[in-house]
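Q: For reference, the structure I am asking about is given below.
A short reminder: the numbers here are calculations on the coordinates, not readings from a lab. Remember, predicted model here, so these are calculated numbers, not experimental data. Heads up, the Cβs are rebuilt from the backbone with ideal geometry, glycines too, and the neighbour counts pull from every protein chain shown.
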Amino acid sequence: MVELKVRGVPPKRRMRSSLLPRPLIPEIKLRQCDIWMNFCLYMYRSVCSSTRRFTLQRSSGTSTTPVFIRDRLSNGKRLCLTFYHLQLNLRLRVGVEDALSDVSIPITMLVNPAMRISELKDKINHDYGFHPSLQCWVIGKRIAKDADTLFSHNVTEDNYQAYLFIRSAQAANLSREQQKQEEEDRRLGGIIENIETFSLQARGTVEGARRKHPPVPIKQNPPKPPVKPKPVGWSCPQCTYVNKPTRPGCEMCSTDRPTNYKVPDLYQPDEDEILRLQQEELASLQYEQSIVEEREKNFYNLLEIDSQNLVSNTEELDCTICFCPVMPGEGATLRECLHSFCRECLKQTIVNCTDAEVQCPYRDDEYACAYTLQDREIKTLLSAEEYQKFEELRLSIAESRSENSYHCKTPDCGGWCIFEDDVNEFICDSCGEKNCLLCKAIHKDMNCKEYQDDLRIRAENDTAAKKTTEMLEMLVTNGEAMYCPKCKVIVQKKDGCDWICCLMCKTEICWVTKQARWGPLGNGDTSGGCRCRVNGVLCHPRCQNCH
């Protein structure tokens, strides 16, 4: 319900067909004509709304008393909008936020208390390009509606704080076609509203109105500018902002460019785009150059570290073995696993190790390190004498674990070797003596037959020689040795295949059949010997390749 009351005016003179009472017009003294026009526009818009009740009131005192409008809100609160407020231009501080930002962006706007929230949204749309449906205004801890005025939210002073929240196009259900249609409807509505506003007439005769208020000339609308071509670019799926084709992300909200978008083949970038592309290329080159420099720096650092036999710790630490604090440079960091200890604990770990390889001593309740120390790390931690003993321990362990190893028969000699099937003699590098691998002895100035005959002769008077002879006969009896089929020297198979060669007569022998490998004509004669693989048949079911 809309009610207009004019105090101090007879009822018969009150408003009937026109918007404002005629007797009130000459009594109002205005500084500028546009203030009165603004007042009329505000009254026209207020009367068209049925949500408020307005009262036009003038005091009966002097003519300088301001005319004001009482705005009765739905909650019963009454506000007074005077001509003083209508001619105010206030600075409104606005904090702009969205769902992706953590802080608000401050802007300042020139507003009038009579402005509606819908007009404020249109101004933001015109200045910054955000559609009204994307805007949500919060003024005085309340969500402002489109029909509200700034005056109804007590915006009557400079630097009043308001907040604008920008919603996403998806949340507001706004499409590109809907936005264009609403802009066209709003443009047509503004034209119609201007026509209706300027068509209002004062109360009374037309002649009197013309005498008192000459007609306001209607401004001719300038010719419409030529239609701009449709902007080329990709529309942001988040905020609907149209970005330039070459931009990889949205200029407003930094959303990535759609993956299915392709830059037009005939597109020519403008100066700003060319400058941006050049800056991006320069930044990319600088980044690649920094990566190369960092890679080279790391490479030289690794070379410097690799030149050190033992890598020192760079930070203070607590040794996990003795739990003592270790200052930088006083400990050691293992190359394989990067565990750090004090040097004394590592040294004692190496000295007390009974294995050929020293394992990392790091242990805890859930994990035991399986990496080993490198040889140059061990050599740096130990003295020369300690390192020599450790090397001897390694050799002893290697000899005991090797299947084809043979130790020199010279007393107190540490020499040993790993022999192969076709080797029957071993000259010790330590003592220089020649060891017979077939006889398992050193028989200097004697061959194997002479040595074995000498053993038989000495066996009669020599207990040790007798025991040796008995041992050889036992080996022949048990099948662990045999007589050469040609020279009758006892030969023994060391390991490997079933082929052996007599050291005396060089006869090739088949161990599994205990006879010569070839016939009388020698190598390749299958008329005699074991005849292995003749017609694809092995010489014995247990033959392991007698060549």
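Q: Please report how far the C-alpha centroid of the range 315-338 lies from that of the range 235-298, rounded to the nearest whole angstrom.
A: 48
Q: Another question, if that's okay. May I ask which of 262/297; 444/488; 123/244 have a Cα-Cα span longer than 29 Å here?
A: Beyond 29 Å: 262/297.
Q: Now for a separate question. Treat the count of other C-beta atoms within 10 Å as a stand-in for reagent exposure and order 128, 300 from fewest to most.
A: With the sparsest Cβ surroundings first, the list reads 300, 128.
Q: Where the centre of each part is set by its Cα atoms, how far does the range 408-477 sit from the range 91-156, in angstrom?
A: Using only Cα atoms, the two centres lie 110 Å from each other.
Q: Another question, if that's okay. Among 284, 168, which comes first, then next, by fewest other beta-carbon atoms within 10 Å?
A: Taking fewest neighbouring Cβ atoms as first place, the list is 284, 168.
Q: Within a 10 angstrom radius of the beta carbon, how do 380, 463 rank from fewest other beta carbons to most?
A: Fewest-to-most Cβ neighbours within 10 Å comes out as 463, 380.
Q: Oh, and also: Got a sec? Charge dipole of the range 427-531, +1 on Cβ for Lys and Arg, -1 for Asp and Glu; which of 441, 484, 474 is way out at the positive end?
A: The Cα lying farthest towards the positive end belongs to 484.
Q: Test of the criteria: in the range 457-540, which GluC sites (Glu not before Pro) are in a DSSP loop and have at most 13 other Cβ atoms within 10 angstrom of their Cβ? If you can, show how the numbers build up before the last one.
A: Details: sites: 460, 470, 473, 480, 508; in loops: 480.
Sparse-neighbourhood loop GluC sites (Glu not before Pro): 480.
Q: Between residue 302 and residue 425, take the C-beta separation as r, use R0 = 60 Å, and let me know the FRET efficiency to the nearest 0.05.
A: On the way: r = 49 Å, r/R0 = 0.81.
Given R0 = 60 Å and the Cβ-Cβ separation, E is 0.80.
Q: Here is a further query. Can you list the trypsin sites (Lys or Arg not before Pro) in the range 389-480 that are in a DSSP coil and have 12 or fewer other beta carbons within 10 angstrom?
A: 440, 444
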